[in-house]
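Worksheet: the structure to be examined is printed underneath.
The values are calculated or read from the model by the stated rules, or taken from the named source; none is laboratory data. Source: prediction; values computed, not measured. No Cβ is skipped: glycine too gets one built from the backbone with ideal geometry, and neighbour counts run over all protein chains shown. Accessible surface areas use protein heavy atoms only, side chains included; no ligands, DNA or RNA. Shrake-Rupley method; radii C 1.70, N 1.55, O 1.52, S 1.80 Å.
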Amino acid sequence: MSLGSRAAAVFGGAARRAAAIPWRGIVSDSLSRAFLVAKTLCAVHVVNAHLCGVAFVLGPSMLPTMNLTGDVVAVDRITARWGSVAVGDVVLLLSPENPRKTVAKRIMGLEGDAVTYLVDPAKGDESKTAVVPKGHVWVQGDNIYASRDSRQFGPVPYGLIQGRIFCRVKRTPFESIISGHQKVLDLSVKRRSSVESSFCQFASISAIYKHVCWYNCCYLTITAGRTDRPCFCNESCFDMKFL
Amino acid sequence: MGPWNNLWLFTKKSITGIIIGVTISDRYLTFVSVRGDSMHPTFTASPTTFPGSLKGDLALAERFCLDKYRFSNGDVILFKCPSDHKQIFVKRLIALPGDWIQVPESSEILRIPEGHCWVEGDNAACSWDSRSFGPIPLGLVRGRVTHVVWPPWRMSQVERKIPEGRISSY
């Protein structure tokens, strides 16, 4: 056979095989599968953004309620959108200083409330009072020694709140976030010389290299032997617990 | 069995449509009806009575800008009202974080703090904006208006406009 006729035979065979493949079926099948994936992603987005979302919270500003190394929490979006967030709730909000950062803080005052706060507890007992304007809330971290909150940037507009944290995921069954003004008052820092047993319930730090001062005077973390800030308890902190 | 089957199919399709519509409206593009005169003549407000409310401007807003919160001076933006989180306002963004702005009607010069912006309406006479409630956090911004899509004789792109001589970036 000549070269031309051999080439024609090869191409003819390939064209016949290509025509035998059910293109329409494959295209419609893949389109419907892609559409199914798109529908699933849209449903995930709707649930996450409008009903209940999941977030990862880390940092020292909500110690001892939240872990320093991070907690997976469930965020309820409906309460925040409805406007029925209450004092004592832990909320997720966009930081007024950087809109790309989401922070978790506790609400200490709603619009119209007069909030009294310690300006800088590491440097003395000075306290100020502020009235929260309409449409704003006052937020503070539980660990007031290491938290940038309304004491620095003032009351935040309610519109920045993204959701209310109602649940923390642990390896054991869910445990609900401490919500409520009473417990928050127990954790507020006052210099005392006696050990507060209420502190024991809230410490949830699980990494073994972190030490937390069990006296209710400071919520420091001493990581691997290095002190982040001097503890000024009246008693010496030799009772640091190894967690 | 026939009508129930059709009803079930219709319900499924409409739920799918709603979910997809909500996702697109939350993440990519949305339509916003302009009420209020604070952005005249850029937008013409709709009268509050029906059927006059169909005559107001319908604008297209994009949400891609919310990914990195990068705006330019003079953009028209949507944002949640700082004193009432359920209301959405449409105003023009005049100054970005770090800019110095001269507040009109007083000779004070204000520096826009980090993470905040200054918004003003084009119709200065009846606009409730940053001149009353101060700079707003960028986290309240919900989108950027790019086009007017209704009524057909007002279809156009929304231009960027910066007031002369009132802002400085140093």
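Note on surface exposure: B:Ile136, B:Ile15 rank B:Ile15, B:Ile136 by accessible area, highest first, 1.4 Å probe. Using a 1.4 Å probe over protein heavy atoms, the accessible area lost on pairing A with B, summed over both chains, comes to approximately 1800 Å².
Under a 5 Å amide H cut-off, with hydrogens placed 1.01 Å from N, B:His147 pairs with B:Leu60, B:Val158 among residues at least 5 apart or on other chains.
Rolling a 1.4 Å probe across all protein chains gives A:Ser147 an accessible area of roughly 10 Å².
Accessible area per residue was computed with a 1.4 Å probe on protein heavy atoms; A:Phe56 scores about 130 Å². Under a Gaussian network description of chain B, with springs only between Cα atoms under 10 Å, the residue in B:Thr23, B:Thr44, B:Thr11 that fluctuates furthest is B:Thr11.
When only the heavy atoms of the protein chains count and the probe is 1.4 Å, how do A:Arg24, B:Arg154 rank by accessible area, highest first? If you can, show how the numbers build up before the last one.
Numbers: A:Arg24 210, B:Arg154 70 Å².
Per-residue accessible area, sorted high to low, gives A:Arg24, B:Arg154.
Would you please give the FRET efficiency between B:Phe31 and B:Val103, computed as 1/(1 + (r/R0)^6) with r the Cβ-Cβ distance and R0 = 41 Å, to the nearest 0.05?
Numbers: r = 33 Å, r/R0 = 0.81.
After rounding, the FRET efficiency stands at 0.80.
Please compute the net charge surrounding B:Pro97, taking Lys and Arg as +1 and Asp and Glu as -1 over other residues with Cβ under 15 Å from its Cβ.
Values: positive: A:Arg100, A:Lys101, B:Lys68, B:Arg70, B:Arg111; negative: A:Glu97, B:Asp75, B:Asp99, B:Glu114.
Taking every Cβ under 15 Å from that of B:Pro97, the sum is +1.
222 nm [θ] for chain B, helices only, -39500 (n - 2.57) per DSSP H run of 4+, per residue, to 500?
Working: 2 runs with 30 residues, N = 170.
Calculated mean residue ellipticity at 222 nm is -6000 deg cm²/dmol.
Here the convex hull built on the C-alpha positions of segment B:32-164 has a volume of 109 cubic angstrom per residue. Percent of Cα-Cα pairs more than 16 Å apart in segment B:125-170, please. In whole percent, the share of Cα-Cα pairs in segment B:125-170 beyond 16 Å is 67. Across B:Arg70, A:Arg81, the residue with the most accessible area heads the list, and the full order at a 1.4 Å probe is B:Arg70, A:Arg81. For segment A:52-168, the spread of Cα coordinates along the three principal axes comes to 39, 33, 24 Å, biggest extent given first. Surface calculation, 1.4 Å probe, protein heavy atoms: A:Thr40 sits at approximately 80 Å² accessible.
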